[in-house]
Amino acid sequence: MNIFIMGAPGSGKGTFSSRMKDEFNLNHISTGDIFRANIANETELGKQAKAYTEKGLLVPDEITNKMVADYLKNLKDPKNGYLLDGYPRTLDQALAFEQMTKGSDLAVDHVIVMDVPFDVLTKRITGRRTCKKCGAIYNIYTTPPKQEGVCDVDGEPLSQRKDDNEESLKTRLDEYAKNTEPVIAYYEKEGIVHHIDANRDVNEIWPSIVEALKN
Ligand SMILES: [Zn+2]
């Protein structure tokens, strides 16, 4: 099974990716991991990518696409397929990927989309508070601590991650909508998209994913 997983920040993509990887024994990789590996191993593509990131520039699609293709061609255990997280991020990347893999064992056959309304994501993310001491996670809207701003476990003050504010999240959600929605529309035409209602209890979401992948 070759799978792309897509979802906005806070959609639960990470949690379900690791579960899918374990359940179906997939090669799970994020584009971030592929970038880091290429840069660490000083591959030709890694060197090119580094030249862009060092200047604070985005790595061009052409380099990203080649890195992903190289990675997929050299999977340690290719027979179970892959689960890619964070790719393709744009329609151009999707089209290039199609060109590179058409008719091969590497062509994608499922696109899982974790659907959560943006207002729910906003509450999930901007409401998140953590305890730096014990790692406990709260949400001021859904799972608040007994006393505001204080950890139930050890009484330490709770903190909010810098990126978890409304403004920063809005930028990320806008970017997701602008870039990723055309990608989803593209795969919808191919009939391989599974929309998962991810605004439910975790225990209800998982069976829908398993069901989607079995069809
Ligand atoms: Zn704590």
I'm trying to understand the selection: among the residues of the stretch 71-91, which are more than 18 Å from the chain's Cα centre (by Cα) and open to solvent by 70 Å² or more (accessible area, probe 1.4 Å)? LYS73, ASN74, LYS76, PRO78, LYS79
Looking only at the stretch 106-133, and only at residues there that are open to solvent by 40 Å² or more (accessible area, probe 1.4 Å) and assigned to a strand (DSSP E or B), the one that is nearest to TYR187 (Cα to Cα): ASP115
Within the stretch 25-43, tally of residues that are open to solvent by 40 Å² or more (accessible area, probe 1.4 Å) and under 19 Å from the mean Cα position of the chain (by Cα): 6
LEU106 vs. criteria in contact (Cβ under 8 Å) with a residue 60 or more places away in the chain and either more than 19 Å from SER11 (Cα to Cα) or within 16 Å of the ligand (Cβ to nearest atom) (or both): yes
Only one of these is free of Cβ contacts under 8 Å to residues at least 40 places away in the same chain and more than 16 Å from ARG128 (Cα to Cα): ASN139, ASN179, ASN203, ASN165. Name it. ASN203
Please work out which residue is modelled with the lowest pLDDT, limiting yourself to the stretch 137-162 and to residues that are assigned to a loop (DSSP other than H, G, I, E, B) and charged (D, E, K, R). ARG161
Before we move on, is THR126 hydroxyl-bearing (Ser, Thr, Tyr), away from the ligand (no atom under 16 Å from the Cβ) and either in contact with a His (Cβ under 8 Å, 6 or more places away or on another chain) or under 25 Å from MET20 (Cβ atoms) (or both)? no
Pairing a residue in the stretch 83-100 that is more than 18 Å from SER11 (Cβ to Cβ) with any residue that is part of a loop (DSSP other than H, G, I, E, B) and not hydroxyl-bearing (Ser, Thr, Tyr), where Cβ atoms lie under 7 Å and the two sit 6 or more apart in sequence or on different chains, gives ALA94/PRO88; PHE97/PRO88
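The values are calculated or read from the model by the stated rules, or taken from the named source; none is laboratory data. Because the structure is a prediction, the values reported are computed rather than measured. Backbone-built Cβ (ideal geometry, glycine too); neighbour counts: all protein chains shown. Surface accessibility is based on the protein's heavy atoms, side chains included, excluding ligands, DNA and RNA. Shrake-Rupley method; radii C 1.70, N 1.55, O 1.52, S 1.80 Å.
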